[in-house]
Structure formats: structure tokens, C-alpha cells
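Step one of this worksheet: look at the structure below.
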Amino acid sequence: MNDESAARGKRLSPGLIAGLSVALLVGVSLFIRAYLPHEQVFSGEYIRFSSIDAYFHMRLIDNLLHNFPTLIDFDPYLLYPFGMNLDNIHFFDWLLAGIIWVFGLGSPTQHTIDIIAVYFPAVLAALTVIPVYFIGKELFGRGAGVIAAGLIAILPGEYLGRSILGFTDHHVAETLFSTVTMLFLIMAIKRAQASGLTIQHLRNRDWKVIRKACHLQCAHRPLTRYLPRYLDRWANFSSSSSFSTFSSSSSLTT
């Protein structure tokens with residue numbers, strides 16, 4: 001019996017225990033966000049989205065799927081009666097519409113569109129648990145990674161409210177993608193330090209040293225393009241004509 005228990009203990013490696021814990025926490029995160037508010041979202045024969053912005057995104061997604069892959073560049077219903085140009089890069093809407101288009105085999109029904117879209121934020125929040133674990137693991141070890149994953153899985157407040165069933169908005173996607181970006185940045189820096197990579201090696205094109213850290217840095221490069229463009233969009237939005245029109249119309253109504 002002692003030999004059998006010892007063998008079982010050897011089979012349950014720390015990595016396996018951490019992996020099972022993270023998988024469990026992904027399920028917990030999905031349960032909190034998708035199961036608990038299920039009755040409020042699926043009421044009767046209709047699906048009720050959880051925010052006004054969700055209906056805005058669903059209008060764009062519906063339009064995309066009915067005219068795939070073309071998206072309208074002007075919406076007369078936004079900032080009525082002025083209308084508004086859709087000049088931003090609606091990556092979230094393209095991503096969700098693409099997923100729905102694939103699952104719907106190129107011609108998804110309205111029910112398929114609504115079902116996938118309503119679960120999308122909860123799934124993205126559950127997936128965020130995984131990179132959070134790896135960030136904690138990279139910085140402080142597996143135990144810290146599991147604790148960090150547990151905290152993000154049950155974190156209340158704005159993060160929970162904006163990643164719940166039916167809150168089909170881009171905020172949770174920003175959280176997931178920026179977290180993955182930070183993960184690869186941390187991993188790239190650590191691998192660069194471990195391999196002794198410095199600016200001088202890059203200047204001298206010392207490929208023997210560069211190659212050791214290149215695989216993570218190459219993976220990190222396309223991800224980091226998302227965050228600067230997102231921040232740039234926010235910076236430009238405050239000075240855009242659409243924002244000025246919105247501000248002036250708001251002041252007239254108040």
C-alpha cells in the first residue's frame with residue numbers, strides 16, 4: 001500500500017496539480033459569469049443583453065454578418081439625428097463576427113448569432129485566467145500563479161460586471177489581449193536576461209545570443225502592436241469631430 005501511494009504521489013507532479021487547479025478556476029470563472037445570471041439574460045423567447053453598448057456592438061456584428069466581410073462606415077442611428085462615421089478599427093466586432101461566421105458555416109441564423117455573442121464575454125474572461133496564471137508563475141512561481149488565477153476568476157466589481165453573460169462589449173477582450181501581451185513581454189525579458197542579451201548584441205548582430213530569446217520576442221512583437229494602437233485611438237478620440245458633436249449635443253440636452 002505504501003508503494004502504491006508513493007507511486008500516486010509521484011504521478012501527481014506540481015505541474016499537473018497546478019494545471020488541474022487552473023482548469024478548475026477557468027470553470028469557476030465561467031460558472032460565475034454564465035450560469036448565475038442565466039435566468040436574467042434568457043428570459044422567455046428573447047435574449048436580453050446586459051448593457052446598451054452591447055446592443056451597439058450587436059448592431060455592427062449583425063450588419064457584418066449580413067454583408068460579410070463588409071462593415072458600414074456611417075451609421076445614421078448613432079448620435080441621432082446627426083449620424084456618426086465608423087472610422088475606428090472595430091477589432092472586437094470583426095473577431096466575434098468571424099467566429100460566428102465560421103460556426104454558422106457562412107450563413108448563421110439570428111439565434112446562432114445571439115447565442116454565441118451572449119456567451120462571448122464570459123468565455124473571454126474565463127480564458128483570461130490562463131495568462132494570469134502564467135504571469136504569476138513567471139514572476140513568483142506556480143503557487144503564486146494559482147493564487148493569481150483564483151483571484152482573477154472571482155474578482156468582483158467592474159471586471160465582473162463587464163465580463164458577465166450578455167455584456168458583449170470590448171472591455172473584456174482588451175483585458176485578455178493586454179494580459180497576454182504582458183505575459184509575452186515578461187517572458188521575453190526573462191529569456192533575454194537568461195541568455196545575456198543586451199543592446200550591444202543587437203547592434204553587433206550577434207545571432208548566436210539573439211537566437212536564444214528570439215522565439216518569445218517574435219511571438220511578443222505582433223501582440224504589442226495591439227496595445228499602442230488602442231491607446232492611440234483613445235488619445236485621438238477626445239479630439240475627434242464625433243466626440244465634439246457628442247459633447248455639443250449633450251450640452252444642448254442638459
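The values are calculated or read from the model by the stated rules, or taken from the named source; none is laboratory data. These numbers come from a predicted model, not from an experiment. Cβ: placed from backbone, ideal geometry, glycine included. Neighbour counts: every protein chain shown.
Observations, loosely collected:
- Flag for residue 27 being at pLDDT 90 or above and either over 21 Å from the mean Cα position of the chain (by Cα) or among the small types (Gly, Ala, Ser) (or both): yes
- Candidate set from the stretch 199-225 (those that are loosely packed, with under 11 Cβ neighbours inside 10 Å and not basic (Lys, Arg)); member that is modelled with the lowest pLDDT: 222
- Only a single item in (1) surrounded by 13 or more Cβ atoms within 10 Å (Cβ to Cβ); (2) under 24 Å from residue 130 (Cα atoms); (3) of a type in the set (D, E, K, R) is not met by residue 11, and it is number (1).
- One residue stands out among those in the stretch 71-111 that are part of a loop (DSSP other than H, G, I, E, B) and of a type in the set (D, E, K, R): the one that is nearest to residue 173 (Cα to Cα), which is 87.
- When 92, 74, 120, 134 are checked against the criterion of being surrounded by fewer than 17 Cβ atoms within 10 Å (Cβ to Cβ) and not hydroxyl-bearing (Ser, Thr, Tyr), a single residue qualifies: 74.
- Lone qualifier among 166, 196, 157 - being at pLDDT 90 or above and either within 30 Å of residue 81 (Cβ to Cβ) or more than 18 Å from the chain's Cα centre (by Cα) (or both): 166
- Residues that are in a helix (DSSP H, G or I) and aromatic (Phe, Trp, Tyr), drawn from the stretch 25-45: 31, 35
- Complete set of residues in the stretch 165-190 that are surrounded by 20 or more Cβ atoms within 10 Å (Cβ to Cβ) and over 27 Å from residue 116 (Cβ atoms): 184, 188
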